[in-house]
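Below is one structure; the comments refer to it alone.
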Amino acid sequence: MKNFISAILIITQFSAFAQIPADYEKLFPNSLSNSELGFNKDRLSSIETGFKELINKEQIPGAVALVVRNGKVVYEKAFGISDPKTNRPYKVDDIFRIASMSKAITSTAAMILYEQGKFNLDDPISKWIPAFKNMTVLSSYNQKDTTYTSVPAMKPITVRQLFTHTSGLSYGRISGDVRFHAISAKAGITELYTTDKVSLAENINKLASIPLVSQPGEKYNYAMGLDVLGYLIELWSGQKFDVFLRENLFLPLGMKDAGFYLPESKADRLVPVLKPASTGKGWEKYTGTYYDADYPVKGAKTWFSGGAGLSCTARDYALFLQMLLNNGIANGKRVLSPYSVFLLTAANQTPDLTPTEKSEQFNSLGFGVITSLGEERGNGYKGRFSWGGYFNTNYWADPKTGTIMVLLKQTRFAPDGGSANLFTRWITAAME
(Lines give C-alpha, C1' and ligand atoms only; values in the text may rest on other atoms or scores of the structure.)
Protein backbone atom coordinates (compact mmCIF):
# COMPACT_ATOMS: atom_id res chain seq x y z
CA MET A 1 0.00 0.00 0.00
CA LYS A 2 2.83 2.39 0.88
CA ASN A 3 4.49 1.86 -2.52
CA PHE A 4 1.14 2.33 -4.27
CA ILE A 5 0.53 5.66 -2.50
CA SER A 6 4.07 6.81 -3.34
CA ALA A 7 3.51 5.95 -6.99
CA ILE A 8 0.25 7.93 -7.01
CA LEU A 9 2.02 10.95 -5.50
CA ILE A 10 4.76 10.79 -8.11
CA ILE A 11 2.23 10.56 -10.94
CA THR A 12 0.23 13.45 -9.48
CA GLN A 13 3.31 15.65 -9.15
CA PHE A 14 4.37 14.85 -12.70
CA SER A 15 0.91 15.57 -14.10
CA ALA A 16 0.82 18.93 -12.34
CA PHE A 17 4.22 19.79 -13.85
CA ALA A 18 3.25 18.62 -17.33
CA GLN A 19 0.12 20.75 -17.34
CA ILE A 20 1.62 24.04 -16.10
CA PRO A 21 -0.52 26.80 -17.67
CA ALA A 22 2.30 28.89 -19.14
CA ASP A 23 1.74 32.62 -19.64
CA TYR A 24 3.51 32.79 -22.97
CA GLU A 25 4.35 36.50 -22.84
CA LYS A 26 5.76 36.33 -19.31
CA LEU A 27 8.12 33.46 -20.11
CA PHE A 28 10.37 35.93 -21.93
CA PRO A 29 9.56 39.33 -20.38
CA ASN A 30 10.65 42.60 -21.99
CA SER A 31 11.01 44.27 -18.60
CA LEU A 32 14.59 45.51 -18.98
CA SER A 33 15.96 48.04 -21.45
CA ASN A 34 18.47 46.88 -24.04
CA SER A 35 21.23 48.76 -22.26
CA GLU A 36 20.46 46.92 -19.02
CA LEU A 37 20.78 43.67 -20.94
CA GLY A 38 24.13 44.76 -22.32
CA PHE A 39 23.15 45.87 -25.82
CA ASN A 40 23.63 49.14 -27.64
CA LYS A 41 20.23 50.32 -28.87
CA ASP A 42 21.59 52.22 -31.87
CA ARG A 43 23.66 49.28 -33.03
CA LEU A 44 20.68 46.94 -32.72
CA SER A 45 18.92 49.10 -35.31
CA SER A 46 21.37 47.82 -37.93
CA ILE A 47 19.60 44.45 -37.77
CA GLU A 48 16.49 45.85 -39.42
CA THR A 49 18.56 47.61 -42.06
CA GLY A 50 20.49 44.42 -42.77
CA PHE A 51 17.46 42.18 -43.18
CA LYS A 52 15.69 44.68 -45.42
CA GLU A 53 18.75 44.72 -47.63
CA LEU A 54 18.78 40.91 -47.86
CA ILE A 55 15.11 40.96 -48.81
CA ASN A 56 15.54 43.75 -51.37
CA LYS A 57 18.36 41.77 -52.99
CA GLU A 58 16.09 38.68 -53.05
CA GLN A 59 18.53 36.70 -50.94
CA ILE A 60 15.62 35.66 -48.69
CA PRO A 61 11.88 36.39 -48.87
CA GLY A 62 11.70 37.16 -45.16
CA ALA A 63 12.45 35.91 -41.67
CA VAL A 64 11.61 36.01 -37.99
CA ALA A 65 14.61 37.11 -35.92
CA LEU A 66 14.82 36.68 -32.15
CA VAL A 67 17.52 37.48 -29.60
CA VAL A 68 17.19 36.59 -25.92
CA ARG A 69 19.67 37.37 -23.17
CA ASN A 70 19.51 36.22 -19.56
CA GLY A 71 15.95 35.04 -20.15
CA LYS A 72 14.68 38.36 -21.54
CA VAL A 73 13.90 39.43 -25.09
CA VAL A 74 16.47 41.80 -26.57
CA TYR A 75 15.19 41.80 -30.14
CA GLU A 76 12.19 40.23 -31.88
CA LYS A 77 10.98 41.20 -35.31
CA ALA A 78 9.47 39.74 -38.47
CA PHE A 79 10.58 40.83 -41.94
CA GLY A 80 9.36 40.32 -45.49
CA ILE A 81 6.47 38.52 -47.17
CA SER A 82 5.78 34.90 -46.28
CA ASP A 83 3.30 34.22 -49.08
CA PRO A 84 3.79 36.04 -52.43
CA LYS A 85 0.30 34.99 -53.61
CA THR A 86 -1.48 36.81 -50.80
CA ASN A 87 1.24 39.29 -49.78
CA ARG A 88 0.92 37.97 -46.24
CA PRO A 89 3.75 39.41 -44.14
CA TYR A 90 5.90 37.36 -41.81
CA LYS A 91 4.71 37.54 -38.18
CA VAL A 92 6.66 36.86 -35.00
CA ASP A 93 4.26 34.07 -33.98
CA ASP A 94 4.48 32.28 -37.35
CA ILE A 95 5.07 28.52 -37.22
CA PHE A 96 8.03 27.04 -39.10
CA ARG A 97 9.16 23.55 -40.09
CA ILE A 98 12.37 23.35 -38.08
CA ALA A 99 13.62 20.14 -39.75
CA SER A 100 16.97 19.10 -38.24
CA MET A 101 16.53 21.51 -35.36
CA SER A 102 14.27 18.68 -34.16
CA LYS A 103 17.37 16.60 -33.40
CA ALA A 104 18.35 18.53 -30.28
CA ILE A 105 14.83 18.21 -28.89
CA THR A 106 14.86 14.45 -29.49
CA SER A 107 18.27 14.15 -27.82
CA THR A 108 17.02 16.12 -24.82
CA ALA A 109 13.92 13.94 -24.53
CA ALA A 110 16.10 10.84 -24.55
CA MET A 111 18.20 12.26 -21.71
CA ILE A 112 15.10 12.53 -19.54
CA LEU A 113 14.80 8.75 -19.86
CA TYR A 114 18.55 8.32 -19.39
CA GLU A 115 18.18 9.96 -15.99
CA GLN A 116 15.44 7.46 -15.18
CA GLY A 117 17.84 4.60 -15.88
CA LYS A 118 16.08 3.35 -19.01
CA PHE A 119 19.36 2.91 -20.92
CA ASN A 120 23.11 3.41 -20.84
CA LEU A 121 24.78 5.44 -23.55
CA ASP A 122 26.94 2.54 -24.68
CA ASP A 123 24.17 -0.06 -24.70
CA PRO A 124 23.64 -1.76 -28.08
CA ILE A 125 20.38 -0.62 -29.64
CA SER A 126 19.61 -4.24 -30.59
CA LYS A 127 18.78 -4.72 -26.92
CA TRP A 128 15.42 -3.08 -27.73
CA ILE A 129 15.25 -3.34 -31.54
CA PRO A 130 16.30 -6.90 -32.48
CA ALA A 131 16.40 -6.03 -36.20
CA PHE A 132 19.70 -4.21 -35.55
CA LYS A 133 21.36 -7.32 -34.09
CA ASN A 134 23.34 -8.53 -37.11
CA MET A 135 24.11 -5.43 -39.16
CA THR A 136 26.33 -5.41 -42.24
CA VAL A 137 28.47 -2.72 -43.87
CA LEU A 138 28.32 -1.93 -47.58
CA SER A 139 31.29 -3.39 -49.45
CA SER A 140 30.52 -3.06 -53.17
CA TYR A 141 27.68 -1.62 -55.20
CA ASN A 142 26.51 -2.19 -58.78
CA GLN A 143 24.89 1.00 -60.03
CA LYS A 144 23.33 -0.73 -63.04
CA ASP A 145 21.03 -3.03 -61.07
CA THR A 146 21.42 -1.62 -57.50
CA THR A 147 22.74 -4.93 -56.17
CA TYR A 148 25.45 -4.85 -53.53
CA THR A 149 27.66 -6.92 -51.32
CA SER A 150 28.36 -6.34 -47.64
CA VAL A 151 30.50 -7.53 -44.77
CA PRO A 152 29.47 -8.08 -41.14
CA ALA A 153 29.63 -5.12 -38.79
CA MET A 154 32.45 -5.65 -36.29
CA LYS A 155 30.63 -3.96 -33.41
CA PRO A 156 27.00 -3.30 -32.50
CA ILE A 157 25.48 0.16 -32.92
CA THR A 158 25.25 1.91 -29.56
CA VAL A 159 22.82 4.51 -28.28
CA ARG A 160 25.63 7.09 -28.00
CA GLN A 161 26.39 6.65 -31.70
CA LEU A 162 22.79 7.54 -32.60
CA PHE A 163 23.20 10.87 -30.79
CA THR A 164 26.49 11.66 -32.50
CA HIS A 165 25.97 10.46 -36.10
CA THR A 166 28.69 7.83 -35.74
CA SER A 167 26.46 4.75 -35.95
CA GLY A 168 27.26 3.94 -39.58
CA LEU A 169 23.64 4.64 -40.55
CA SER A 170 22.95 6.99 -43.44
CA TYR A 171 20.35 9.22 -44.93
CA GLY A 172 19.30 8.21 -48.43
CA ARG A 173 18.58 11.05 -50.80
CA ILE A 174 20.06 13.90 -48.80
CA SER A 175 23.30 12.04 -48.02
CA GLY A 176 24.89 12.83 -51.37
CA ASP A 177 25.71 9.14 -51.74
CA VAL A 178 23.96 7.78 -54.84
CA ARG A 179 24.36 4.22 -53.58
CA PHE A 180 22.21 4.90 -50.55
CA HIS A 181 19.70 6.90 -52.60
CA ALA A 182 18.88 3.68 -54.42
CA ILE A 183 19.30 1.23 -51.53
CA SER A 184 17.10 3.28 -49.22
CA ALA A 185 14.41 3.82 -51.85
CA LYS A 186 14.37 0.13 -52.78
CA ALA A 187 13.82 -0.78 -49.12
CA GLY A 188 10.89 1.66 -48.95
CA ILE A 189 12.44 3.79 -46.20
CA THR A 190 10.83 7.14 -45.41
CA GLU A 191 13.63 9.60 -44.74
CA LEU A 192 11.94 12.86 -44.03
CA TYR A 193 8.73 14.70 -44.78
CA THR A 194 5.78 12.59 -45.83
CA THR A 195 2.00 12.69 -45.84
CA ASP A 196 1.82 8.91 -46.25
CA LYS A 197 0.73 6.58 -43.47
CA VAL A 198 4.09 5.56 -42.02
CA SER A 199 4.83 4.44 -38.47
CA LEU A 200 8.07 4.69 -36.52
CA ALA A 201 8.18 0.94 -35.90
CA GLU A 202 7.82 -0.12 -39.53
CA ASN A 203 10.20 2.53 -40.85
CA ILE A 204 12.99 1.95 -38.36
CA ASN A 205 12.84 -1.80 -38.91
CA LYS A 206 13.18 -1.18 -42.66
CA LEU A 207 16.22 0.97 -41.93
CA ALA A 208 17.77 -1.96 -40.07
CA SER A 209 17.40 -4.14 -43.19
CA ILE A 210 19.96 -2.22 -45.27
CA PRO A 211 23.74 -2.11 -44.84
CA LEU A 212 25.63 0.60 -42.98
CA VAL A 213 27.84 3.10 -44.77
CA SER A 214 30.73 2.48 -42.34
CA GLN A 215 31.62 0.43 -39.29
CA PRO A 216 29.84 1.70 -36.14
CA GLY A 217 31.89 4.28 -34.26
CA GLU A 218 34.52 4.76 -36.97
CA LYS A 219 33.22 7.76 -38.91
CA TYR A 220 30.93 10.74 -38.62
CA ASN A 221 28.11 10.33 -41.11
CA TYR A 222 25.01 12.52 -40.95
CA ALA A 223 22.19 10.01 -40.63
CA MET A 224 18.78 8.90 -39.41
CA GLY A 225 20.11 8.05 -35.97
CA LEU A 226 17.81 10.56 -34.25
CA ASP A 227 14.81 8.93 -35.92
CA VAL A 228 15.91 5.63 -34.41
CA LEU A 229 16.32 7.42 -31.08
CA GLY A 230 12.74 8.67 -31.37
CA TYR A 231 11.54 5.09 -31.75
CA LEU A 232 13.64 4.03 -28.77
CA ILE A 233 11.97 6.78 -26.73
CA GLU A 234 8.64 5.08 -27.49
CA LEU A 235 10.00 1.72 -26.39
CA TRP A 236 11.66 3.06 -23.24
CA SER A 237 8.72 5.22 -22.15
CA GLY A 238 5.76 3.14 -23.30
CA GLN A 239 4.28 6.30 -24.88
CA LYS A 240 3.94 7.51 -28.44
CA PHE A 241 6.87 9.76 -29.26
CA ASP A 242 4.72 12.84 -29.86
CA VAL A 243 2.94 12.34 -26.54
CA PHE A 244 6.22 11.96 -24.66
CA LEU A 245 7.56 15.21 -26.13
CA ARG A 246 4.36 17.07 -25.34
CA GLU A 247 4.15 15.91 -21.74
CA ASN A 248 7.84 16.07 -20.85
CA LEU A 249 9.11 19.07 -22.82
CA PHE A 250 6.57 21.15 -24.67
CA LEU A 251 4.05 21.66 -21.86
CA PRO A 252 6.58 22.11 -19.05
CA LEU A 253 8.62 24.59 -21.09
CA GLY A 254 5.61 26.51 -22.41
CA MET A 255 6.31 25.59 -26.05
CA LYS A 256 2.66 26.02 -26.92
CA ASP A 257 2.94 25.69 -30.72
CA ALA A 258 5.54 22.93 -30.94
CA GLY A 259 4.66 19.55 -32.42
CA PHE A 260 4.90 17.26 -35.41
CA TYR A 261 1.54 18.19 -36.91
CA LEU A 262 -0.70 21.23 -36.62
CA PRO A 263 -4.39 21.35 -35.84
CA GLU A 264 -6.59 23.15 -38.33
CA SER A 265 -6.78 26.16 -36.01
CA LYS A 266 -3.03 26.76 -36.45
CA ALA A 267 -2.57 25.72 -40.07
CA ASP A 268 -2.79 29.27 -41.40
CA ARG A 269 0.22 30.24 -39.25
CA LEU A 270 2.49 27.72 -40.98
CA VAL A 271 4.83 29.63 -43.29
CA PRO A 272 4.95 28.28 -46.87
CA VAL A 273 8.31 27.02 -48.12
CA LEU A 274 9.45 29.29 -50.96
CA LYS A 275 12.06 29.04 -53.68
CA PRO A 276 13.30 31.56 -56.27
CA ALA A 277 10.60 31.98 -58.92
CA SER A 278 11.11 30.27 -62.26
CA THR A 279 10.69 33.67 -63.93
CA GLY A 280 13.93 34.80 -62.32
CA LYS A 281 12.21 37.45 -60.24
CA GLY A 282 10.59 37.05 -56.83
CA TRP A 283 9.52 33.88 -55.04
CA GLU A 284 7.13 30.98 -55.54
CA LYS A 285 5.96 28.02 -53.47
CA TYR A 286 8.38 25.10 -53.27
CA THR A 287 6.80 21.88 -54.51
CA GLY A 288 9.51 19.27 -54.15
CA THR A 289 8.84 15.96 -55.85
CA TYR A 290 10.63 13.87 -53.23
CA TYR A 291 9.49 15.54 -50.00
CA ASP A 292 6.03 16.93 -49.29
CA ALA A 293 6.52 20.28 -47.57
CA ASP A 294 2.84 20.36 -46.62
CA TYR A 295 3.28 17.40 -44.24
CA PRO A 296 2.54 19.36 -41.03
CA VAL A 297 -1.03 20.18 -42.09
CA LYS A 298 -2.27 17.33 -44.28
CA GLY A 299 -2.04 13.60 -44.88
CA ALA A 300 -1.90 10.68 -42.46
CA LYS A 301 0.12 12.52 -39.77
CA THR A 302 1.59 9.31 -38.36
CA TRP A 303 5.34 9.67 -39.03
CA PHE A 304 7.04 11.24 -35.98
CA SER A 305 10.53 12.04 -37.25
CA GLY A 306 12.87 12.74 -34.36
CA GLY A 307 15.49 13.83 -36.84
CA ALA A 308 13.51 16.36 -38.83
CA GLY A 309 9.75 16.40 -38.25
CA LEU A 310 8.91 19.14 -35.74
CA SER A 311 7.41 22.59 -36.28
CA CYS A 312 7.32 25.52 -33.86
CA THR A 313 7.70 29.29 -33.41
CA ALA A 314 10.90 31.21 -32.74
CA ARG A 315 9.87 31.73 -29.11
CA ASP A 316 9.10 28.04 -28.70
CA TYR A 317 12.62 27.10 -29.69
CA ALA A 318 14.17 29.84 -27.59
CA LEU A 319 12.30 28.50 -24.55
CA PHE A 320 13.89 25.11 -25.19
CA LEU A 321 17.37 26.64 -25.46
CA GLN A 322 16.79 28.79 -22.39
CA MET A 323 16.08 25.68 -20.31
CA LEU A 324 19.51 24.37 -21.32
CA LEU A 325 21.21 27.69 -20.50
CA ASN A 326 19.44 27.51 -17.14
CA ASN A 327 21.19 24.18 -16.49
CA GLY A 328 17.98 22.21 -16.93
CA ILE A 329 15.44 24.43 -15.16
CA ALA A 330 12.26 25.82 -16.75
CA ASN A 331 9.43 27.66 -14.99
CA GLY A 332 11.14 27.05 -11.68
CA LYS A 333 11.05 23.27 -12.20
CA ARG A 334 13.94 20.97 -13.03
CA VAL A 335 13.63 19.23 -16.39
CA LEU A 336 17.18 17.83 -16.51
CA SER A 337 20.14 17.68 -14.15
CA PRO A 338 23.10 20.03 -14.78
CA TYR A 339 25.26 17.03 -15.66
CA SER A 340 22.82 15.84 -18.32
CA VAL A 341 22.81 19.36 -19.76
CA PHE A 342 26.62 19.19 -19.81
CA LEU A 343 26.50 15.96 -21.80
CA LEU A 344 23.99 17.49 -24.23
CA THR A 345 25.68 20.84 -24.75
CA ALA A 346 29.35 20.76 -23.79
CA ALA A 347 30.90 17.27 -23.59
CA ASN A 348 32.93 16.15 -26.60
CA GLN A 349 31.39 12.81 -27.59
CA THR A 350 33.63 12.16 -30.60
CA PRO A 351 37.15 13.01 -29.34
CA ASP A 352 38.86 10.50 -31.64
CA LEU A 353 37.08 11.90 -34.70
CA THR A 354 37.20 15.61 -33.81
CA PRO A 355 39.95 16.26 -31.24
CA THR A 356 39.23 19.65 -29.70
CA GLU A 357 42.71 21.09 -30.15
CA LYS A 358 42.58 20.49 -33.91
CA SER A 359 38.95 21.27 -34.75
CA GLU A 360 36.82 24.39 -34.80
CA GLN A 361 33.80 22.41 -33.61
CA PHE A 362 32.98 19.08 -31.96
CA ASN A 363 29.77 17.14 -31.34
CA SER A 364 28.15 16.89 -27.94
CA LEU A 365 25.14 14.60 -27.50
CA GLY A 366 22.86 17.25 -28.95
CA PHE A 367 24.77 19.98 -30.76
CA GLY A 368 27.78 21.22 -32.63
CA VAL A 369 29.96 23.03 -30.08
CA ILE A 370 32.60 25.69 -30.79
CA THR A 371 36.14 24.95 -29.61
CA SER A 372 38.96 27.32 -28.61
CA LEU A 373 40.22 27.20 -32.20
CA GLY A 374 36.73 27.98 -33.47
CA GLU A 375 36.56 30.98 -31.16
CA GLU A 376 39.90 32.23 -32.45
CA ARG A 377 38.72 31.77 -36.05
CA GLY A 378 35.72 34.05 -35.48
CA ASN A 379 32.97 31.47 -35.07
CA GLY A 380 31.77 32.70 -31.67
CA TYR A 381 32.76 32.13 -28.08
CA LYS A 382 34.05 28.72 -27.03
CA GLY A 383 31.17 26.57 -25.80
CA ARG A 384 28.47 28.11 -27.98
CA PHE A 385 26.22 25.31 -29.25
CA SER A 386 24.10 25.28 -32.40
CA TRP A 387 22.55 23.44 -35.35
CA GLY A 388 20.37 24.28 -38.36
CA GLY A 389 17.48 22.98 -40.45
CA TYR A 390 16.78 21.84 -44.02
CA PHE A 391 14.32 24.66 -44.73
CA ASN A 392 16.84 27.37 -43.77
CA THR A 393 16.37 27.73 -40.02
CA ASN A 394 19.20 28.55 -37.62
CA TYR A 395 19.94 28.98 -33.93
CA TRP A 396 22.70 29.15 -31.37
CA ALA A 397 22.96 29.50 -27.60
CA ASP A 398 25.99 30.97 -25.86
CA PRO A 399 26.55 30.00 -22.21
CA LYS A 400 29.30 32.61 -21.79
CA THR A 401 27.06 35.59 -22.57
CA GLY A 402 23.70 33.99 -21.74
CA THR A 403 22.51 34.83 -25.25
CA ILE A 404 20.21 32.95 -27.64
CA MET A 405 19.75 33.57 -31.35
CA VAL A 406 16.90 32.06 -33.37
CA LEU A 407 16.49 32.91 -37.06
CA LEU A 408 13.64 31.20 -38.90
CA LYS A 409 13.08 31.24 -42.66
CA GLN A 410 11.37 28.75 -44.99
CA THR A 411 13.25 28.42 -48.26
CA ARG A 412 14.85 25.95 -50.65
CA PHE A 413 17.57 26.94 -53.12
CA ALA A 414 17.56 30.55 -51.89
CA PRO A 415 20.79 32.55 -52.33
CA ASP A 416 20.37 33.50 -48.64
CA GLY A 417 23.38 35.81 -48.50
CA GLY A 418 24.72 34.27 -45.31
CA SER A 419 21.80 35.60 -43.28
CA ALA A 420 22.54 33.57 -40.12
CA ASN A 421 26.19 34.63 -40.02
CA LEU A 422 25.25 38.23 -40.69
CA PHE A 423 22.58 38.19 -37.98
CA THR A 424 25.15 36.78 -35.57
CA ARG A 425 27.61 39.53 -36.49
CA TRP A 426 24.99 42.23 -35.99
CA ILE A 427 24.13 40.78 -32.59
CA THR A 428 27.72 40.60 -31.37
CA ALA A 429 28.46 44.07 -32.74
CA ALA A 430 25.61 45.45 -30.61
CA MET A 431 26.90 43.84 -27.38
CA GLU A 432 28.51 46.25 -24.91
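Could you grab me the full set of residues in region 92-107 that are part of a helix (DSSP H, G or I) and over 16 Å from Leu321 (Cβ atoms)?
Filtering region 92-107 down to residues part of a helix (DSSP H, G or I) leaves 99-107.
Ala99, the sole residue that qualifies.
Any idea which residue in region 214-223 is surrounded by the most Cβ atoms within 10 Å (Cβ to Cβ), counting only those that are out of contact with any helix residue (DSSP H, G or I) (no Cβ under 9 Å at 6 or more places or on another chain) and within 28 Å of Lys144 (Cβ to Cβ)?
Ser214
Any chance region 114-122 includes a residue that's among the charged types (D, E, K, R) and either assigned to a loop (DSSP other than H, G, I, E, B) or in the same structural domain as Tyr193 (by TED's automatic domain parsing) (or both)?
Here is the first cut: in region 114-122, the ones among the charged types (D, E, K, R) are 115, 118, 122.
Those still in the list that are either assigned to a loop (DSSP other than H, G, I, E, B) or in the same structural domain as Tyr193 (by TED's automatic domain parsing) (or both) too: 118, 122.
Yes, region 114-122 contains at least one residue that is among the charged types (D, E, K, R) and either assigned to a loop (DSSP other than H, G, I, E, B) or in the same structural domain as Tyr193 (by TED's automatic domain parsing) (or both).
Given (1) in contact (Cβ under 8 Å) with a residue 12 or more places away in the chain; (2) in the same structural domain as Ser33 (by TED's automatic domain parsing), where does Ala187 come up short, assuming only one miss?
In the conditions (1) in contact (Cβ under 8 Å) with a residue 12 or more places away in the chain; (2) in the same structural domain as Ser33 (by TED's automatic domain parsing), Ala187 misses (2) alone.
Yes or no, residue by residue, for (1) modelled with pLDDT under 95; (2) touching a His at 6+ places or on another chain (Cβ under 7 Å); (3) charged (D, E, K, R); (4) outside the structural domain of Tyr193 (by TED's automatic domain parsing):
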site: Lys266; (1), (2), (3), (4): no, no, yes, yes
site: Tyr291; (1), (2), (3), (4): yes, no, no, yes
site: Ser305; (1), (2), (3), (4): no, no, no, yes
site: Leu321; (1), (2), (3), (4): no, no, no, yes
site: Asn331; (1), (2), (3), (4): yes, no, no, yes
site: Leu344; (1), (2), (3), (4): no, no, no, yes
site: Ala347; (1), (2), (3), (4): no, no, no, yes
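Considering region 105-134 alone, what residues qualify as being in contact (Cβ under 8 Å) with a residue 60 or more places away in the chain and in contact with a strand residue (DSSP E or B) (Cβ under 6 Å, 6 or more places away or on another chain)?
Result: no residue meets the conditions.
Pairs under 6 Å by beta carbon, first residue among the aliphatic types (A, V, I, L, M) and surrounded by fewer than 21 Cβ atoms within 10 Å (Cβ to Cβ) in region 245-267, partner assigned to a loop (DSSP other than H, G, I, E, B) and at pLDDT 95 or above, six or more apart or different chains?
From region 245-267, the pairs are Leu262/Pro296; Leu262/Val297; Ala267/Val297.
Sort out which residues of region 5-59 are of a type in the set (Val, Ile, Thr), surrounded by 12 or more Cβ atoms within 10 Å (Cβ to Cβ) and modelled with pLDDT of 60 or more, and write them in order of number.
The answer is Ile47, Ile55.
The values are calculated or read from the model by the stated rules, or taken from the named source; none is laboratory data. None of the values given here were measured: they were computed from a predicted structure. Please note: Cβ atoms are built from the backbone with ideal geometry, for glycine as well, and neighbour counts cover all protein chains shown.
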